[in-house]
Amino acid sequence: MNKARHPLSAKANFRRLFETALYCVLWLCAVVCIFVTAAIIFVLLTESVFGLGENIAFFQKVSLKNFLLDTEWAPQYGEGKFGILPLFVGTLWVTGIAALIGLPVGLASAIYLSEYASPTARSLIKPLLEILAGIPTVVYGYFALIFVTPLLIKPFGALLGIQANTFNALSGGIVVGIMIIPMVTSLSEDVLRAVPRGLREAGYALGATRLDVSVKIVLPAALSGILASFLLAVSRALGETMAVTIAVGIQPRLSWNPFETMCTMTANIASMSSGDSSTGSIEYRSIYAVALSLFVITFALNIFSQFILNRYREVYN
Amino acid sequence: MELKTFEHLMQNRPELPEQVGHGQPGRQAADVAPTMKVETRNLDFFYGQLQALFGISIAMRARSVTALIGPSGCGKSTYLRTLNRMNDIAEGTRLTGEVLVDGESIYDPQVDVVELRKKVGMVFQKSNPFPKSIFDNIAFGPRIGGERNRAKLEEIVVRSLHQAALWDEVKDRLHASALALSGGQQQRLCIARTLATSPEVILMDEPASALDPASTARIEDLIFELKKNYTIIIVTHNMQQAARVSDYTAFFYQGRLIEFGATKALFTTPKEKQTEDYITGRFG
């Protein structure tokens, strides 16, 4: 091998070292989140599926069948009942109502901002939306408790002949829905505005109305980004804790009546961890099982939306 | 593509009178005394405070090709876009004077801009197919116009593709994405899409400027074919192209119309000094 130094290599070694170091730093930053995710999964699994050393994991005490099929969640009484269904249904109620409110309103306001609003209107509304996004979730919780429930839910329930509870799933769903509006709006608006101007002009030149252009050209072209924003918003609704703990309550109850007090998976975790169950007890371990379930749901949602995206998206260039 | 001299090009062009009679027989009477399809009178146009057009008056004949030429920023594209009110989309634009299509003022408050744009179609500089299938691209216009009948839509799609000389290349993949087509094919698809709404006037904003010479030649052949039935107004940067495809030429400079006349006359014996300087390549 020829070891003679190439005349052009004078500074190359230092530069190459610098490039390599830079590459490593950037790589490290990029993989931090992968490490964190892996660590979280590790903790969830060791606490709930297989115990490390002396520890007994949750599912070594409670069978998966009982966990999934039992209709009661009552860890403190006697042997303890660990059926996740009531918690799951509570979460489903809140997330479902939130999605029903937040997604259409968020998307509609994104379409308004991107396709209809004058620059003046946009410059007024966008900061307002950001304020909405900046309100602490605990405030939303009390907003539900002292405004939404007495002024909206109770009269509405009375109208239907239903006695609404002070803590109820409906009010929680509504405020979480409001909470995710800014998220859907700002993410969707970004993707709508990224649709090339040429496509809109082509539509207008063919005699399309503003509605035609928005719904039949811009929306399909931006569909993948919009679905991504929906997914993020639903994940946020699933994971929302503080507001629903206050608004929905912490009484696990398998119910088809959204005017009743319930408990979501997240609210259950929050109340259990701040309660009086001792570390290492089965009640304590149960929160990891619930967290793992939440993780599985979010993960499944991700996979599902990826599938939808690959199927239906329209790519523009 | 071999370079042809201007004289050569002019010799091979069919003269205007030969065009008479290509339309429906019933229209022949009108063709003898040529009708003015599109006309502007004393048109001023403003972007906010900035005046882009100054008193433009041009009358364009039915079933002819009118080329708008001039250096960048001279207002020719702005002028083109006033003819189907595409400038309405931009904020803060203002217009005075008159734009007439078939003798009707298109800026009249009673005019439905949607109907106007179906009658006055437009092809853009950068081909802009929707990210949909070839079929859905062309069926878009008829569909938003309310056409739901599948057989009727198919008929329109096939006819438009034939007219745009694209049928043979895409007939086996009508349901493939339009974005898989080459640049020249995409532009002909956009022309087919415009034809599908059965316009009477077609505005073309530098339709071939982003295309290679072979694709450009195909577009020009197409323009030649289309002018038998449509009134075409084309903005072009390419003087040879203006000479090849157009019957009339308007030369714009700094927002003003410097000269308008038969293409042959304007290119061989320009009346204005500025026109001569521009077409001989002394500036622009």
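The values are calculated or read from the model by the stated rules, or taken from the named source; none is laboratory data. Just so it is clear, the model here is predicted, and its values are computed rather than measured. Every residue, glycine as well, gets a Cβ built from its backbone with ideal geometry; the counts of neighbours run over all protein chains shown. Quick note on the areas: whole protein, heavy atoms, side chains included, nothing else; ligands and nucleic acids left out. Shrake-Rupley method; radii C 1.70, N 1.55, O 1.52, S 1.80 Å.
Collect the residues in region A:41-55 that are free of Cβ contacts under 8 Å to residues at least 60 places away in the same chain and open to solvent by 60 Å² or more (accessible area, probe 1.4 Å), keeping them in residue-number order.
Across region A:41-55, the qualifying residues are A:F42, A:F50, A:L52, A:G53, A:E54.
Take A:G207 and tell me if it is in contact with a Ser or Thr (Cβ under 9 Å, 6 or more places away or on another chain), within 13 Å of another protein chain (Cβ to nearest Cβ) and open to solvent by 20 Å² or more (accessible area, probe 1.4 Å).
no
Going through region B:148-168 one residue at a time, which ones are of a type outside the set (V, I, T) and out of contact with any helix residue (DSSP H, G or I) (no Cβ under 6 Å at 6 or more places or on another chain)?
Of everything in region B:148-168, those that are of a type outside the set (V, I, T) and out of contact with any helix residue (DSSP H, G or I) (no Cβ under 6 Å at 6 or more places or on another chain) turn out to be B:R148, B:N149, B:R150, B:A151, B:K152, B:E154, B:E155, B:R159, B:H162, B:D168.
Residues in region A:173-199 that are facing chain B (nearest Cβ under 8 Å) and without any contact (Cβ under 8 Å) to a residue 40 or more places away in the chain: how many?
Residues flagged as facing chain B (nearest Cβ under 8 Å) and without any contact (Cβ under 8 Å) to a residue 40 or more places away in the chain within region A:173-199 amount to 1.
Exactly one of these conditions fails for A:I217: (1) touching a Gly at 6+ places or on another chain (Cβ under 8 Å); (2) farther than 19 Å from A:A110 by Cβ; (3) open to solvent by less than 50 Å² (accessible area, probe 1.4 Å). Give me its number.
(2)
Counting residues that are touching a residue at least 24 places away in the same chain (Cβ under 8 Å), which helices (runs of 4 or more DSSP H) fully inside region B:125-239 reach at least 2?
Result: B:134-144, B:150-163, B:183-195, B:213-226.
Quick one: how many residues across region B:90-135 are within 13 Å of another protein chain (Cβ to nearest Cβ), under 22 Å from the mean Cα position of the chain (by Cα) and not hydroxyl-bearing (S, T, Y)?
Qualifying residue count, region B:90-135: 20.
Each row is one residue, and each column tells you yes or no for (1) more than 19 Å from A:W256 (Cβ to Cβ); (2) buried (at least 24 other Cβ atoms within 10 Å of the Cβ).
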site: A:Y142; (1), (2): yes, no
site: A:I146; (1), (2): yes, no
site: A:L152; (1), (2): yes, no
site: A:L160; (1), (2): no, no
site: A:A164; (1), (2): no, no
site: A:A169; (1), (2): no, yes
site: A:G173; (1), (2): no, yes
site: A:V176; (1), (2): yes, yes
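Restricting attention to region B:148-168, which residues are surrounded by fewer than 15 Cβ atoms within 10 Å (Cβ to Cβ) and not polar (S, T, N, Q)?
B:R148, B:R150, B:A151, B:K152, B:E154, B:E155, B:H162, B:D168
Is one or more of the residues making up region A:7-17 within 18 Å of A:M265 (Cα to Cα), open to solvent by 70 Å² or more (accessible area, probe 1.4 Å), at pLDDT below 90 and out of contact with any helix residue (DSSP H, G or I) (no Cβ under 6 Å at 6 or more places or on another chain)?
no
Please work out if B:E225 is within 14 Å of chain A (Cβ to nearest Cβ) and charged (D, E, K, R).
no
Is it fair to say A:V195 is β-branched (V, I, T) and under 16 Å from the mean Cα position of the chain (by Cα)?
no
Tell me, which residue of region A:257-304 that is in contact with a Ser or Thr (Cβ under 8 Å, 6 or more places away or on another chain) and of a type in the set (D, E, K, R) is nearest to A:G161 (Cα to Cα)?
The qualifying residue nearest to A:G161 (Cα to Cα) is A:E283.
Which condition number in (1) more than 22 Å from the chain's Cα centre (by Cα); (2) hydrophobic (A, V, I, L, M, F, W, C); (3) more than 14 Å from chain B (Cβ to nearest Cβ) is the one that A:L170 fails?
Looking at each condition in turn, A:L170 falls short on (1).
Could we say that A:F304 is aromatic (F, W, Y) and in contact (Cβ under 8 Å) with a residue 24 or more places away in the chain here?
no
Could you tell me how many of the residues in region A:120-130 are modelled with pLDDT of 90 or more and either within 14 Å of another protein chain (Cβ to nearest Cβ) or exposed (fewer than 13 other Cβ atoms within 10 Å of the Cβ) (or both)?
7
Would you be able to say whether some residue in region A:222-233 is within 8 Å of chain B (Cβ to nearest Cβ), crowded, with 23+ Cβ neighbours inside 10 Å and in a helix (DSSP H, G or I)?
no
All but one of (1) modelled with pLDDT of 90 or more; (2) not in a loop (DSSP other than H, G, I, E, B) hold for A:F259; state the number of the condition that does not hold.
For A:F259, the exception is condition (2).
Run down B:S198, B:S215, B:S209, B:S246 and say which single residue is of a type in the set (S, T, N, Q), under 20 Å from B:M60 (Cβ atoms) and open to solvent by 10 Å² or more (accessible area, probe 1.4 Å).
Result of the check over B:S198, B:S215, B:S209, B:S246: B:S198.
Filter region A:57-109 down to the residues that are open to solvent by 20 Å² or more (accessible area, probe 1.4 Å), over 19 Å from A:M265 (Cα atoms) and either part of a helix (DSSP H, G or I) or touching a residue at least 40 places away in the same chain (Cβ under 8 Å) (or both) and list them by number.
Selection gives A:Q60, A:K61, A:L100, A:I101, A:L103, A:P104, A:V105, A:L107, A:A108, A:S109.
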